[in-house]
């Protein structure tokens, strides 16, 4: 099976337009600044006042550097990691220098040699943050989630493959064209399951995979499986992690339709609201049906991949109410080849 591991040496810069990244930069630099103030203060009680004095330069410089990184993000993303890291440090020095010059005109007490200290702080903060984001990217990498994904796929493949083949065998003579179409859908679905999991896919492609999967299950479950699609407001070009929706649809069939004696409906609603894409999936809920460990595994894996690609801007929530299980995914609206890989 093709590995979904990312190359351990292929470090990449964080997305400086991501709200989660911006929040981490703000908090980390503030904490580092307070640590410096604590070290410079002659007494512990003076650390607060020392930090206030530092903030006269630290706060505006931090905001300016974040604005610069936001503005230059498309350019930084195209650079090799080493060149990008140097560029981040250079932008930090530019921001600190501009603020220092402006502050010197206002604060006569600003030490003449303070610019060297500010440069040193900017370079140390940049290096620490880049190191942190690199470690975090590796920790959230699909390489660490691969064991869970392989376990999930191992659960998907046997029961789904055997049931699908049995359904196809049962109609080869009676409806050969439909059997051939089912085998083509099955081949396409397994090709997606085995493909590289690192790059983003279009929402249109993800929905197509779900439709192919549901067409195959329809052969086996017949009228017991009902599907309602609400995709009129779906942004087809939006980018999402591959295999985000199909495992959820499969769980809906496995946990909601199969255990029930009566027909059940899976409702899939996908729409764009402002700068966010929403995907809501509802299915009948059978509390006593068991099989919940596989469901948790799929949800955990999807959360990890959403965090990898979109950080804090993407969420996955679930709820159970009145015999209905609902999964709600919210992720930022991204499109275009420049967003295909972080």
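The values are calculated or read from the model by the stated rules, or taken from the named source; none is laboratory data. Owing to the predicted nature of the structure, the values given are computational and were not obtained by experimental measurement. Backbone-built Cβ (ideal geometry, glycine too); neighbour counts: all protein chains shown.
Each residue in the stretch 255-267 was checked for being out of contact with any helix residue (DSSP H, G or I) (no Cβ under 7 Å at 6 or more places or on another chain) and either surrounded by 19 or more Cβ atoms within 10 Å (Cβ to Cβ) or over 19 Å from residue 206 (Cβ atoms) (or both), and 7 pass. Contact map, the stretch 253-264: first residue more than 14 Å from residue 226 (Cα to Cα), second residue part of a helix (DSSP H, G or I), Cβ cut-off under 6 Å, separation 6 or more or different chains; pairs are 255/295.
Every residue, every condition in (1) within 35 Å of the chain's Cα centre (by Cα); (2) part of a loop (DSSP other than H, G, I, E, B); (3) at pLDDT below 75; (4) assigned by TED's automatic domain parsing to the domain that holds residue 64, yes or no:
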| position | (1), (2), (3), (4) |
| --- | --- |
| 102 | no, no, no, yes |
| 121 | yes, no, no, yes |
| 126 | yes, no, no, yes |
| 133 | yes, no, no, yes |
| 148 | yes, no, yes, no |
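The residues of the stretch 265-280 that are under 24 Å from the mean Cα position of the chain (by Cα), in a strand (DSSP E or B) and in contact (Cβ under 8 Å) with a residue 24 or more places away in the chain, listed by number, are 267, 268, 269, 270, 271, 272, 276, 277, 278, 279, 280.
Does at least one position in the stretch 210-225 carry a residue that is part of a strand (DSSP E or B), exposed (fewer than 14 other Cβ atoms within 10 Å of the Cβ), at pLDDT 70 or above and in contact with a strand residue (DSSP E or B) (Cβ under 9 Å, 6 or more places away or on another chain)? Scanning the stretch 210-225, I find no residue that is part of a strand (DSSP E or B), exposed (fewer than 14 other Cβ atoms within 10 Å of the Cβ), at pLDDT 70 or above and in contact with a strand residue (DSSP E or B) (Cβ under 9 Å, 6 or more places away or on another chain), so the answer is no.
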